[in-house]
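We did not get these values from a lab; they are worked out from the coordinates using the rules stated. Computed from a prediction, not measured in an experiment: that's the story for all the values here. Positions of Cβ are generated from backbone atoms using ideal geometry, with glycine treated the same way; all protein chains shown enter the neighbour counts.
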Amino acid sequence: MEFEYIREINYYETDKMGIVHHSNYIRYLEEARCKWMKELGLSMERLEELGYTIPTLEISCKYLNPVTSGDVISIKPYISKYNGVRLEVSYEVKDVKNNNDIIKATTTHCFTNKELRPVNMKKSNEKVHKIFEEIS
């Protein structure tokens, strides 16, 4: 399932140079990932109801082209690795106006229970596991 998150850049997200501050891209990735997971029927709230969390373990982000206030970006998350315990999400982030790549990014997550102990979804929740397996 391909998912696209469209987001307009706000003025307050820019720095003194008038471009998006680098820290805001991490927020954009999380916004896109959460909306995508909601579309999959696995909102963060739903996962918490089931007794799971998906903490972020690692973020990698290469900045390629700047965007400014009023620009619109497209973020397409997809699973690049999944083994039942860990999940790596990669992101295609482009400027909608000119199709330039903005960043190349990945985030790595693991599945945990409420006590933050690692969980293997293959064994713990077959329904959730199948969703991630089908789209990876």
Spin-label proximity, Arg117 to the stretch 32-71 - amide N less than 15 Å from point 7 Å beyond Cα toward beta carbon: 51-53
Sequence of Met17, Met44 once ranked by neighbouring C-beta atoms within 10 Å, starting from the fewest: Met17, Met44
Across Lys38/Lys104; Lys35/Lys123; Lys38/Lys127, pairs whose alpha-carbon gap is larger than 18 Å: Lys38/Lys104; Lys35/Lys123
Using a Förster distance of 22 Å, the FRET efficiency for Tyr78-Lys127 (Cβ separation, nearest 0.05): 0.60
Difference of contour (0.36 nm per residue) and Cα-Cα distance, Glu2 to Met17: 2.0 nm
Neighbour cut-off at most 16 other Cβ (10 Å), DSSP loop, GluC sites (Glu not before Pro), the stretch 45-136: Glu115
Cα long-axis angle, helix 24-39 against the chain (0 to 90 degrees, to the nearest 10): 50 degrees
The chain, dipole about Cα centre (Lys/Arg Cβ +1, Asp/Glu Cβ -1), debye to the nearest 20: 360 debye
In the stretch 1-33, the trypsin sites (Lys or Arg not before Pro) that fall in loop regions by DSSP, at most 16 other Cβ within 10 Å: Lys16
Positive-pole candidate from Gly70, Gly84, Cys110, dipole of the stretch 48-136, charges at beta carbon: Gly84
His129, His22 arranged by Cβ crowding within 10 Å, fewest neighbours leading: His22, His129
